[in-house]
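The values are calculated or read from the model by the stated rules, or taken from the named source; none is laboratory data. Every value quoted in this text rests on a predicted model; they were computed, and no experiment measured them. Cβ atoms come from the backbone with ideal geometry, glycine included; neighbour counts cover every protein chain shown.
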Amino acid sequence: MADYTLTLAQLDKVMAAIPLAMRGPDAGLSFALTHHIASEEKVAAPEAGATVSTVTFEAPTSGILTTTDAVDAVVAPIIAEVLAGRTPPAPPAPVPQSVSRRQFFHAVALAGFLTEAEAEAAVARQALPAAVLAEIGKLPAGDQFGARMLAIGAETFERANPLMNLMAAALGHDAGDVDDLFRFAATL
């Protein structure tokens, strides 16, 4: 794990750029990222009289990114931007836990996965889109009825529902794509 020497102002910029789901001990969406200040001293640079800290970002003991290399892969580019005097990009918005039926099908249509007519029919509960039915048809026979009932009857679509990732994978997309779709849908 690398140590980084940062002013408190730089540390604030770094922490602001790290996605919220990755900060703090209670972060359960991705992994917890904590830091501790190993030492502090007064120095003349980079800012006159600024306090600098040696900061170590520690990997948590549970979650999806528990290695120091994984933590460094997230933190190092952000710190490089801050040390170069640039503002790092803002972290992505949190992934909504659910979106309404209308938001979901609206986003799916705007993303080009369904036609507008298919999305309208799905929202009006006139018919499930052929693409959705085709993917449900690929599920084990014992799961197909439940999947159809869920798709027909859902008032909201839950991000945590395993069918979301299953359907995305069947269409050649990954969990990150589903997260982006949910973020987009929440804006509609």
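For segment 85-101, how many residues meet the condition of being out of contact with any Ser or Thr (no Cβ under 6 Å at 6 or more places or on another chain), at pLDDT 90 or above and surrounded by 16 or more Cβ atoms within 10 Å (Cβ to Cβ)? Before the answer, list the steps.
Of the residues in segment 85-101, the ones out of contact with any Ser or Thr (no Cβ under 6 Å at 6 or more places or on another chain) are 85-97, 99, 101.
Remaining after also requiring at pLDDT 90 or above: 96-97, 99, 101.
From the residues that got through so far, the ones that are surrounded by 16 or more Cβ atoms within 10 Å (Cβ to Cβ) too are 96, 99, 101.
Residues meeting the conditions: 3.
Being part of a loop (DSSP other than H, G, I, E, B) and surrounded by 14 or more Cβ atoms within 10 Å (Cβ to Cβ) is the filter here, so list the residues in segment 136-151 that pass it.
Here is the first cut: in segment 136-151, the ones part of a loop (DSSP other than H, G, I, E, B) are 137-140.
The one that is part of a loop (DSSP other than H, G, I, E, B) and surrounded by 14 or more Cβ atoms within 10 Å (Cβ to Cβ): Leu139.
Report whether or not Pro162 is under 30 Å from Gln10 (Cα atoms), surrounded by fewer than 12 Cβ atoms within 10 Å (Cβ to Cβ) and not assigned by TED's automatic domain parsing to the domain that holds Leu11. Walk me through how you get there before you give the answer.
Working: under 30 Å from Gln10 (Cα atoms): no; surrounded by fewer than 12 Cβ atoms within 10 Å (Cβ to Cβ): yes; not assigned by TED's automatic domain parsing to the domain that holds Leu11: yes.
In short, no.
How many of the residues making up segment 152-179 are assigned to a helix (DSSP H, G or I), in contact (Cβ under 8 Å) with a residue 24 or more places away in the chain and under 24 Å from the mean Cα position of the chain (by Cα)? Give the derivation first.
Let us first name the residues in segment 152-179 that are assigned to a helix (DSSP H, G or I), namely 152-153, 162-170, 175-179.
Within this subset, residues satisfying the condition of being in contact (Cβ under 8 Å) with a residue 24 or more places away in the chain are 152, 166-167, 170, 179.
If we keep only those that are under 24 Å from the mean Cα position of the chain (by Cα) too, we end up with 166-167, 170, 179.
Here the count works out to 4.
Quick one: Leu114 ticks every box in (1) touching a Gly at 6+ places or on another chain (Cβ under 8 Å); (2) not in a helix (DSSP H, G or I) bar one, so which box is it?
Failed condition: (1).
Can you say whether Phe184 is crowded, with 17+ Cβ neighbours inside 10 Å and within 30 Å of Glu81 (Cα to Cα), as far as the supplied structure shows?
Values: crowded, with 17+ Cβ neighbours inside 10 Å: yes; within 30 Å of Glu81 (Cα to Cα): yes.
Considered against the rule, which asks whether it is crowded, with 17+ Cβ neighbours inside 10 Å and within 30 Å of Glu81 (Cα to Cα), Phe184 comes out as yes.
Among the numbered conditions (1) part of a loop (DSSP other than H, G, I, E, B); (2) touching a Pro at 6+ places or on another chain (Cβ under 8 Å), tell me where Ala121 comes up short.
So the condition that Ala121 fails would be (1).
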